[in-house]
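Only one structure is covered here, and it is reproduced in the block below.
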Amino acid sequence: MHIQFAGALTEQHNHQHIDHFFSVPEGATRLHIDFEYAPKRIGRYGNLLTLSLFDPQHERGTGHRGQPTQQVSISHTEATPGYHAGPLQPGEWNLMINTNLILPDATVSYEIRIAFGFDADITDMPRVWPPGTTAPRGPGWYRGDLHAHTLHSDGSWDVDGLAHYARSQQLDFITLTDHNTVSGLDHMHSLASDDLLVMGGFELTTFYGHALALGVRELIEWRVHPDERSMTTIQQEIEAAGGLFVIAHPECPGDPACTGCHWDYPDLMPGRARIVEICNEHWDSFSNNEAALQLWYQWLNQGHRLVATSGMDIHGEPPPARVYLFDVVYSDSLSESAVLAAVRQGHLYLSSGPQLAFSGHNRGGQSVMMGDTLSGDSVTLTAEWSRCGNTDQVRLIVDGDLHDSFAADASGTKSWTFSGKHWSVVEIRDADDGLLAVTNPIFIQSN
């Protein structure tokens, strides 16, 4: 039994979710989909169509990939990465085309072919990935990453490759956040061990911005529908599920260079959002990280209490010389719940190598660390740093302005006392003004 669809899409179909309903017959045990579209590229840029599949009750996965030829196979025991294996429920299914980008003046033709298989006896069971474990560790600084991809979306390596790379970098934790799918999480969690905590979530990849949903295991409906479902509603659902909502690479170029990558949700600028990724990939990447850092400072000056994070946004083995800013988190323990709780509190700094501490105290004896609030009309802040280069600079930023700057001299300590301010962070920059490390703020509340 075969089902076919064909059509043509133009710019008026851009940024839509286009349904293709079909019936799965009783007794079908295998489903195979062939999808093709053309043209893929027009000059410098490319059209991008992705697929989502729904059975009568649930979403069975999304393949966020750019290839103009795609195959999806699902059976009781196996599924194409990005999708979920399991019995094929008879009834109405939906293959949705997500038109992430249709270039101006383009006409994109597509064809869908759906075939079914029927097996009389099914004796094989779906593969079960036994969860790994990470031995408890006490309070301390833990270094890791919050944003990475595999072939379950648009990555080039499987989850084993991601875990291997994390170990090669001597990370304490790594997080899998594939685009609009959680199909790789069970495999990822099976790779946890005493030397590596693995965490999970997914990257909401929409037409007008991307965000990380950290600490969730089930896919939360990620599509924004005007007048029906806002990004603020999605953010609230992620937080209600115990997850963290992180605005990803907010100043990355958007269409057509990077489809949907620029953050364009007026209700979350930053609105109720409390975490923003200010460094995506490496510092000098395509993602305009300096602009994202300055946007964070602007939001802090508007009175928003926002935590900054970094994310490799890695999709495969990087060049050997590639240097990333990792998230260095002060956590009560090395567990997913504790690490994410510490991120929520802002108890972290971002660093490509330097070690950095930032603390404060007042005359009343209150002591705080980065992410906390210090009360008082006169407060003292102290920075300690090490593992810096001879040409690196330490910079104190107060309310968005450069308050002090001086040579790092490999390591050192310095304190400042002032009043009437609202927040402060410490940066370490190289001789070319590239960011090597930055703390989260200490917030100051005057009496």
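The values are calculated or read from the model by the stated rules, or taken from the named source; none is laboratory data. Small disclaimer: the values here were computed from a predicted structure and weren't measured. Every residue, glycine as well, gets a Cβ built from its backbone with ideal geometry; the counts of neighbours run over all protein chains shown.
Values as computed for the structure displayed
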item	result
Close pairs from segment 236-263: first of a type in the set (Lys, Arg), partner crowded, with 23+ Cβ neighbours inside 10 Å, Cβ under 7 Å, at least 6 apart	none
Within segment 388-447, tally of residues that are more than 19 Å from Gln298 (Cβ to Cβ), in contact (Cβ under 8 Å) with a residue 24 or more places away in the chain and acidic (Asp, Glu)	2
Filtered residues of segment 358-387 (kept if over 22 Å from Gly303 (Cβ atoms) and either of a type in the set (Phe, Trp, Tyr) or assigned to a strand (DSSP E or B) (or both))	Ser359, His361, Ser367, Thr380, Thr382, Ala383, Glu384, Trp385, Ser386
Condition met for Gly412 (more than 21 Å from Cys279 (Cα to Cα), surrounded by 14 or more Cβ atoms within 10 Å (Cβ to Cβ) and at pLDDT below 95)	no
Count of segment 125-154 residues which are in contact with a Pro (Cβ under 9 Å, 6 or more places away or on another chain) and not hydrophobic (A, V, I, L, M, F, W, C)	3
Hits in segment 251-279 - residues which are assigned to a loop (DSSP other than H, G, I, E, B), closer than 16 Å to Thr177 by Cβ and either of a type outside the set (A, V, I, L, M, F, W, C) or outside the structural domain of Leu214 (by TED's automatic domain parsing) (or both)	Gly260
Restricting segment 166-185 to residues that are polar (S, T, N, Q) and in a loop (DSSP other than H, G, I, E, B), the residue that is nearest to Val343 (Cα to Cα)	Thr177
Residue within segment 235-243 that is under 16 Å from the mean Cα position of the chain (by Cα), modelled with pLDDT of 95 or more, surrounded by fewer than 21 Cβ atoms within 10 Å (Cβ to Cβ) and assigned to a helix (DSSP H, G or I) present	yes
Looking only at segment 93-142, and only at residues there that are closer than 30 Å to Ala342 by Cβ and among the hydrophobic types (A, V, I, L, M, F, W, C), the one that is modelled with the highest pLDDT	Trp141
Which listed residue is out of contact with any Lys or Arg (no Cβ under 7 Å at 6 or more places or on another chain) and at positive phi, from Gly215, Gly155, Gly138	Gly215
Boolean, Pro130 is closer than 30 Å to Arg223 by Cβ, outside the structural domain of Thr205 (by TED's automatic domain parsing), of a type outside the set (Ser, Thr, Tyr) and surrounded by fewer than 16 Cβ atoms within 10 Å (Cβ to Cβ)	no
Complete set of residues in segment 78-99 that are out of contact with any His (no Cβ under 6 Å at 6 or more places or on another chain), of a type outside the set (Asp, Glu) and assigned to a loop (DSSP other than H, G, I, E, B)	Thr80, His84, Ala85, Gly86, Leu88, Gln89, Pro90
Qualifying residue in segment 150-163 (condition: hydrophobic (A, V, I, L, M, F, W, C), within 22 Å of Glu203 (Cα to Cα) and not in a helix (DSSP H, G or I))	yes
Members of segment 205-234 found to be assigned to a loop (DSSP other than H, G, I, E, B), among the hydrophobic types (A, V, I, L, M, F, W, C) and free of Cβ contacts under 8 Å to residues at least 60 places away in the same chain, listed by number	Val216, Ile220, Trp222, Val224
Members of segment 309-326 found to be within 13 Å of the chain's Cα centre (by Cα) and outside any loop (DSSP other than H, G, I, E, B), listed by number	Thr309, Ser310, Gly311, Ile314
Unique match (being among the aliphatic types (A, V, I, L, M) and either under 30 Å from the mean Cα position of the chain (by Cα) or buried (at least 16 other Cβ atoms within 10 Å of the Cβ) (or both)) among Met96, Met125	Met96
Output for segment 416-444, where each listed residue is in a strand (DSSP E or B) and either aromatic (Phe, Trp, Tyr) or at pLDDT below 95 (or both)	Trp416, Phe418, Trp423, Phe443
Among residues of segment 396-415, those that are out of contact with any His (no Cβ under 7 Å at 6 or more places or on another chain) and in a strand (DSSP E or B), counted	12
